[in-house]
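The values are calculated or read from the model by the stated rules, or taken from the named source; none is laboratory data. Just so we're clear, the structure is a prediction, and the values are computed from it rather than from any experiment. Neighbour counts run over all protein chains shown; Cβ positions are idealised from the backbone, glycine included. These area figures cover heavy atoms from the full protein model, side chains too; ligands, DNA and RNA do not enter into them. Shrake-Rupley method; radii C 1.70, N 1.55, O 1.52, S 1.80 Å.
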Amino acid sequence: MPAVPASIPTSLKLPSALKLQLEEDAKQMGMSLHAFMVSTLNDAAQRKRLRQTFAQDSADALAVMKSTGTGHALDDVRVYFSQLKAHRQGQGEQPAPLQPKKMG
C-alpha cells in the first residue's frame, strides 16, 4: 500500500472580500492565514460529521421508542438535565439515570 503524504497542496480562489475577512480573523487569533483556513475547514468537517451522527442517533432512538413503546417524558428529561447541571456546578447530587417508561 503506498504511503499517504502528510499534506497535499491545494489551491483556493477566494473572493477578495472573503480573503480580507479571513486575514483579519486569522490575525485576531494570532494565526497565519493558512493555519486559520486549515483549522476552520477541519472544524466545519467535524461539525458535519457530528450532525450526521446526531441525526442517525436520533433516528435510531425514535425507531427503538416506536418498537418498544417506551421513552422519556419531556418533563423528566428537563428535570434530569437541571439536576445534572446543578451537580456539575457542585450544587447537588448526581441524578439517577433516566429509566424509560411506557409511552401512551
Amide H of residue 70: which non-local residues (sequence gap of 5 or more, or other chain) have their own amide H closer than 5 Å, using H built in the peptide plane?
-> 103
Placing one equal point scatterer on each C-alpha of region 12-101 and summing with Debye, one gets log10 I(q)/I(0) at q = 0.12, 0.16, 0.20, 0.24 Å⁻¹ equal to -0.70, -0.82, -0.96, -1.15
The chain - charge dipole about Cα centre, Lys and Arg +1 at Cβ, Asp and Glu -1, debye rounded to 20 = 220
Accessible area, probe 1.4 Å, largest first, for residues 27, 19 = 27, 19
Per residue, accessible area of the chain with a 1.4 Å probe, heavy atoms of protein chains only, in Å², comes to 88
Which lysines have a Cα lying under 25 Å from the Cα of residue 102, excluding residues fewer than 8 positions away in the same chain?
-> 66
Contact order normalised by residue count of the chain, Cα under 8 Å, 6+ apart, percent = 18
Of the heavy-atom accessible surface of region 18-104 (probe 1.4 angstrom), what whole percent is carbon and sulfur?
-> 58
Treat each spin label as a single point 7 Å out from the Cα along the C-beta direction, and report the residue 32 to residue 16 distance in nm.
-> 2.5
With Rh as the Kirkwood radius over Cα pairs, region 61-103 has Rg/Rh of 1.11
Anyone know which of 94, 56, 46 comes out most mobile in the 10 Å Cα GNM of the chain?
-> 94
